Amino acid sequence: MTRISRKTLILMAAGGSAALLLGAFFFQMIGFPPCAMCLWQRWPHAVAVLLGLVAYRFGGAAICYLGALAAATTGGLGLYHTGVERDWWEGPTSCTGSGGGLGDLSGADLLSTDVTVVMCDQVSWQFMSLSMASWNFVASVVLVALWIMAARKPA
């Protein structure tokens with residue numbers, strides 16, 4: 001049986017985050033603008049990609065555990081976002097239907113035609129009954145496992 005090296009696991013984990021980021025940008029490019037919570041989920045993936053580059057070059061279990069933390073963070077955000085979408089709990093009032101309504105907008109905001117409001121509690125795309133946020137959670141759990149496997153591998 002072939003053993004997977006630490007560097008391969010790091011490439012798989014960081015590459016997974018890079019693929020998820022590219023997928024998010026692709027969906028945005030084809031007409032699915034992100035909500036605020038979607039954008040929150042992108043940052044930990046970017047951190048994981050950068051940590052992957054550092055870990056690949058310099059090694060070190062500590063960096064791999066930081067990669068696992070980044071993947072767990074975006075996974076947690078994806079789970080939180082899924083809960084908001086499915087009405088399991090309330091989300092931030094700034095991007096959900098529970099917001100303050102038009103009273104929070106200025107006159108310029110009301111007259112602007114350049115503003116696209118994307119609600120965090122509305123599913124814009126789903127596959128097999130899972131939204132993008134849900135898929136981010138599922139994929140991130142796998143990435144956490146890869147990062148932890150990489151951290152536990154001998155250098």
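Numbers at a glance
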{"quantity": "Filtered residues of the stretch 1-46 (kept if in contact with a Pro (Cβ under 9 Å, 6 or more places away or on another chain) and closer than 19 Å to G78 by Cβ)", "calculated": "S17, A24, F27, Q28, A36, M37, Q41, R42"}
{"quantity": "Number of the exception - A19 against (1) out of contact with any helix residue (DSSP H, G or I) (no Cβ under 8 Å at 6 or more places or on another chain); (2) in contact (Cβ under 8 Å) with a residue 24 or more places away in the chain", "calculated": "(2)"}
{"quantity": "The stretch 15-65: number of residues that are farther than 29 Å from G91 by Cβ and not in a loop (DSSP other than H, G, I, E, B)", "calculated": "13"}
{"quantity": "Those residues of the stretch 111-145 which are surrounded by fewer than 16 Cβ atoms within 10 Å (Cβ to Cβ) and modelled with pLDDT of 90 or more, in sequence order", "calculated": "V138, V141, V142, A145"}
{"quantity": "Only listed residue being modelled with pLDDT under 75, farther than 22 Å from L39 by Cα and of a type in the set (G, A, S), chosen from G97, G107", "calculated": "G107"}
{"quantity": "Qualifying residue in the stretch 71-91 (condition: more than 16 Å from the chain's Cα centre (by Cα), acidic (D, E) and either modelled with pLDDT under 80 or assigned to a helix (DSSP H, G or I) (or both))", "calculated": "no"}
{"quantity": "Enumeration of residues in the stretch 124-149 that are in a loop (DSSP other than H, G, I, E, B) and in contact with a Cys (Cβ under 9 Å, 6 or more places away or on another chain)", "calculated": "S124"}
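So that you can scan it fast, the table gives a plain yes or no per residue for (1) surrounded by 15 or more Cβ atoms within 10 Å (Cβ to Cβ); (2) in contact with a Gly (Cβ under 7 Å, 6 or more places away or on another chain):
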{"position": "F26", "(1), (2)": "no, no"}
{"position": "P33", "(1), (2)": "no, no"}
{"position": "W43", "(1), (2)": "no, no"}
{"position": "G67", "(1), (2)": "yes, yes"}
{"position": "A71", "(1), (2)": "yes, no"}
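The values are calculated or read from the model by the stated rules, or taken from the named source; none is laboratory data. Since we're looking at a predicted model, the values are computed, not measured. Because the Cβ atoms are built from the backbone with ideal geometry, glycine has one as well, and the counts that use them run over all protein chains shown.
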